[in-house]
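Everything below concerns the one structure shown next.
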Amino acid sequence: MTGTPDPDTRPDADPTDTLAGAGDTTPAEATPPPRPSSLSRGLSSSAVLGTGDLAQTPMHYGEPLREQRALAERGAIVDLPHLRVLRLTGADRLTWLNSITTQKLDTLAPGVSTETLVLDPNGRIEGWLRLIDDGEALWALSDLRTDDTLDFLRRMVFMMRVEIEDLSDDFQAIGAVRALPESLPVTRVWADPWPHIGTGSASYAQVDLGEHVAGTDHPGLETPFVIGIVARADLAGTSASEYRLAGFDAWEALRVAAWRPGRNEIDHKSLVGELDLLRTSVHLAKGCYRGQEAVARVHNLGQPPRRLVFVHLDGSGHIHPDPGAEVLAAVRGTQRPVGELTSVAQHYELGPIGLAVVKRTVAADAPLSVDLGEGGIVTGAQEIIVAPERGHDRTLPGRNRDVDMRNQHR
């Protein structure tokens, strides 16, 4: 797919700002209320639930740090009822989704887990699907703007042989690290490809920049997440007392420690390169899809305007900032806003940690501060995830003299 060249390819420019394109403004259906877990619990359950779309998701059971260790080392499971469960059927499901999202899916083999993104025409992330095909249907998990994603997908079906169902009332997700308990009646299992670098993909992380495999020091290798799709009818026949349980806070703490971006890291202007999502969710050599020009332009000519960083937070004051807090750094001798803290967790080994998205130009060794409001500050040390600078090693194709007749008669 080609387009009009952008005259501004300076390394610090955002090459997507001048791309044309307007999205469809058809309103999506109203978001359904959060669905409770179908895993049976006694009336005395110690689960502390979240808020918003996590209002039915157990955040912890009174011992969040022990729950983290149990999830990381002892086979605990995590209720994820807020994850929407979708199913795509029809002979064209893979080729069709391949044509409109970022991942190469037309050759996806049954049982292979992957993920794909829905982008707007400017390459910004609008939807995110975790995918597993079983040979007859493509199962998808979503927790990012799912109704808008469904609306877009349904409008793009046209004459293709594809049917899209939201099965969240009939199925729910259960998470674990490495493997789910054998006794859990799982319909399908999605194994997170993070942080492995997929064929046709690329790493933007400093730890393995330019490599074809994940660097051995990448912390994501220590935490292979899996998500099971379970029929609610089957789950209702089991009891929470049969399993070791961890709350969603434990899941999030391990995710942050693994440098794994999630929906918290995505805002209205997020690009895939800023979050190192190319390694698992984008194929750089597939056919056209919406937003491809922007992805290719940043990858081949520019630099992402922002970058994801891991932050070790100062816990001496026993005060933790909230996600969304402003991140400050010294700019020309003055503390100025340079980004936003997107995820925060209290890790059972690392202490207070977080992920932040900051301007690419922030010095890699610059101390960071997080604004608590009313003059309060928590300091932090950044650890580089996305490299501040990437080289562009491009080999231009040679001239084909059979079709290029320039200067043939000189």
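The values are calculated or read from the model by the stated rules, or taken from the named source; none is laboratory data. These numbers come from a predicted model, not from an experiment. Cβ coordinates were reconstructed from backbone atoms using ideal geometry, including for glycine residues, and neighbour counts include every protein chain displayed.
At a glance:
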| quantity | calculated |
| --- | --- |
| One residue from A47, A76, A91, A72 being aliphatic (A, V, I, L, M), at pLDDT 95 or above and over 24 Å from the mean Cα position of the chain (by Cα) | A91 |
| Residue match in region 191-198 (condition: over 21 Å from Q103 (Cβ atoms) and surrounded by 17 or more Cβ atoms within 10 Å (Cβ to Cβ)) | no |
| Within region 199-223, considering residues that are more than 30 Å from A70 (Cα to Cα) and out of contact with any Leu (no Cβ under 8 Å at 6 or more places or on another chain), the one surrounded by the fewest Cβ atoms within 10 Å (Cβ to Cβ) | T199 |
| Residue list for region 155-199, filter: under 18 Å from the mean Cα position of the chain (by Cα) and of a type in the set (G, A, S) | A173, G175, A176, A191, G198 |
| Condition check for L209: hydrophobic (A, V, I, L, M, F, W, C), over 29 Å from G52 (Cβ atoms) and out of contact with any His (no Cβ under 8 Å at 6 or more places or on another chain) | yes |
| Some residue of region 160-176 being under 21 Å from H268 (Cβ atoms), touching a strand residue (DSSP E or B) at 6+ places or on another chain (Cβ under 9 Å) and surrounded by fewer than 19 Cβ atoms within 10 Å (Cβ to Cβ) | no |
| Residue tally, condition surrounded by fewer than 16 Cβ atoms within 10 Å (Cβ to Cβ) and under 24 Å from F248 (Cα atoms), over region 351-387 | 1 |
| Hits in region 207-247 (condition: hydrophobic (A, V, I, L, M, F, W, C), in contact with a helix residue (DSSP H, G or I) (Cβ under 7 Å, 6 or more places away or on another chain) and under 30 Å from S45 (Cα atoms)) | A246 |
| Unmet requirement for L341, which otherwise passes all of (1) surrounded by fewer than 23 Cβ atoms within 10 Å (Cβ to Cβ); (2) free of Cβ contacts under 8 Å to residues at least 40 places away in the same chain | (1) |
| Scope region 169-202; condition in a strand (DSSP E or B) and of a type outside the set (F, W, Y); matching residues | Q172, A173, I174, G175, A176, V177, V186, T187, R188, V189, A191 |
| Within region 152-168, considering residues that are touching a Lys or Arg at 6+ places or on another chain (Cβ under 7 Å) and outside any strand (DSSP E or B), the one nearest to A76 (Cα to Cα) | S168 |
| Test: E326 is buried (at least 22 other Cβ atoms within 10 Å of the Cβ) and acidic (D, E) | no |
| Every residue from region 244-266 that is more than 21 Å from G50 (Cα to Cα) and surrounded by fewer than 22 Cβ atoms within 10 Å (Cβ to Cβ) | A258 |
| Entirely in region 206-311, the helices (runs of 4 or more DSSP H) that have 3 or more residues that are outside the structural domain of I174 (by TED's automatic domain parsing) | 292-300 |
| Some residue of region 150-162 being touching a residue at least 12 places away in the same chain (Cβ under 8 Å) and within 28 Å of M59 (Cα to Cα) | yes |
